[in-house]
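Below: the structure, in structure tokens.
No value in this document is a laboratory result; all are computed from the given coordinates. The structure displayed is predicted, hence computed values, not measured ones. So basically every Cβ, Gly included, is an ideal-geometry build from the backbone, and we count neighbours across all protein chains shown.
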Amino acid sequence: MSRRKSFYRIPGLAGLASLSVLAALAAGLLAPAPAAAHGSLDHYLFVPNRASGDVAVIDTRSDTVVARAAVGRVPHQVAVSAALGRLAVSNTEDNTVTILGAETFETLATLQLDVAPEHMALSPDGRTLAVGNIGAGTVSLIALETGREVGRVAGLIAPHNLTFGPDGNSLFVANLGGDHVSVVDVARAAVVKEIPVADPTPLASRAAGPDAEYQGIIAVTPTPDGRLGFAAHGESNSVAVLDLTAKTRIASIPVGELPWRAYATADGRLMIVPNNGDRTVSIIDVASRKVVATLPGAADVTGVNTDAAGTTAFVISRGEGRIVVLDLAALAPAGEIALPGTPETGVVTPAGDKLYVALSDVGKVAVIDPRTRKLIRTIDDVGAEPWGATMVGARNYCH
């Protein structure tokens, strides 16, 4: 997918030609990961580097790079299964997923998937990996324990972010090129329902040549209890509220122009929705399902992180190279943090003591103290074009 992340291009995705695929390194069962490796994952930060084709491993106790693990071309996201002691990396240009061991970060397997795998999600037990092949309109289901693709789901429209239901039996797929969320039965590897989030909009009516743009649904963001999901729809400037158990839409909330996606506070009290069309941020009260504030945002927001208490939001603006800070208790602006590079996405540690933000143009990661709301250091020599950050036990997300 291009760096202009917000849009689905019609009729297809340019520049993602199918390339020769790496040979599989594990034809049979993968060796079990050592039990000791599982606990050691807690203090690691994993950063995919799109241009250098590797994943940086950062020890958050010292904020230093301790390993660089080679993967495929244009790695997009890292998913970490603490239960199995494995990492998975989607390689968009190679059409592959690399599976790494967590003890030495060695490659255990490289699996050929469909066109342009990008976003991934792990089942609640950490054993099933879902991968959206955005260029093919399919989702691959991978058993991480064996390192095999066990199902491929068709009938999707540029599948973007993926969300497992709390029991792991259902997968909710956000269609970037559509107006509905697809519900996948994981055991059957098939779409069993489509939940409309807005009135259907024929894609042809938006087309004005090969560069026509359309933004459907970026993600289904669940509440911490897994009961509700919030799906922003760019074309209709609204956020749909889904009942993830009944698999129905129960409300639609008007927000600003071209909403990107919803981000939940840790306590599930609020959903924060950056609107890239008008550079505002809508704050939604989950209980009332209403917008309780519209605050200043910034250009090309790639994501929003919140502190552990849910009282501060950090709105990351790639377009302006800064973080807009919002006070969620007062529902008011609370300053900004200038960044020494172009920010992508970030992650707050499970302890809530640091916010890490990848800086793609300078090969660094910014480290921010959420309590003082200040940049405290940068981590150098991360790799070429770091694209995001992932930690075990944190609320991780990708572009």
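When every Cα-Cα distance of segment 336-399 is counted in 10 angstrom steps from zero, the calculated P(r) takes the values 24, 55, 21 percent.
With the simple model of a label 7 Å out from the Cα in the direction of the Cβ, Glu106 to Asp63 spans 3.3 nm.
Phi angles of segment 313-327 translate, via the Karplus equation with coefficients 6.51, -1.76, 1.60 and θ = phi - 60°, into HN-Hα couplings of 10, 10, 9, 8, 10, 5, x, 10, x, 8, 10, 8, 9, 10, 8 Hz per residue; Gly and Pro are given as x. Counting every C-alpha pair in the chain, the share spaced more than 32 angstrom apart comes to 28%.
For segment 257-357, applying the loop criterion from DSSP together with a ceiling of 14 other beta carbons within 10 Å to the GluC sites (Glu not before Pro) yields Glu257. Highest GNM mean-square fluctuation among Ser140, Ser62, Ser52, for the chain modelled with Cα contacts below 10 Å: Ser62. Its Cα centre serving as origin, the chain has a Cβ charge dipole (Lys and Arg +1, Asp and Glu -1) of approximately 300 debye. What shape does segment 252-399 have by the C-alpha gyration tensor, where a ≥ b ≥ c are the square roots of the eigenvalues, rounded means a/c under 1.5, and otherwise prolate means a/b greater than b/c and oblate the rest? Prolate. Please label the shape of segment 121-279 as rounded, prolate or oblate, based on the square roots a ≥ b ≥ c of the eigenvalues of the alpha-carbon gyration tensor (a/c under 1.5 means rounded; beyond that, a/b larger than b/c means prolate, else oblate). Oblate shape, in that a/c is at least 1.5 and b/c is the bigger or equal ratio.
Within straight-line reach of Lys193, meaning a Cα separation under 16 Å, sit the following aspartates and glutamates at least 8 residues removed in sequence or on another chain: Asp179, Asp185, Asp243.
On the principal axes of its alpha-carbon atoms, segment 116-184 has extents of 33, 24, 16 Å, going from largest to smallest. Estimated purely from DSSP H runs of n ≥ 4, each contributing -39500 (n - 2.57), the mean residue ellipticity at 222 nm for the chain is -500 deg cm²/dmol once divided by its residues.
Between Val191, Val315, Val150, the Gaussian network model of the chain with springs among Cα atoms under 10 angstrom shows the greatest mean-square fluctuation at Val150. All alpha carbon pair distances within segment 215-312 were sorted into 10 Å bins beginning at 0; the resulting P(r) in whole percents reads 18, 54, 26, 2. Of all aspartates and glutamates in the structure, those lying under 12 Å Cα to Cα from Lys354, and not within fewer than 8 positions of it along the same chain, are Asp63, Asp307, Asp369.
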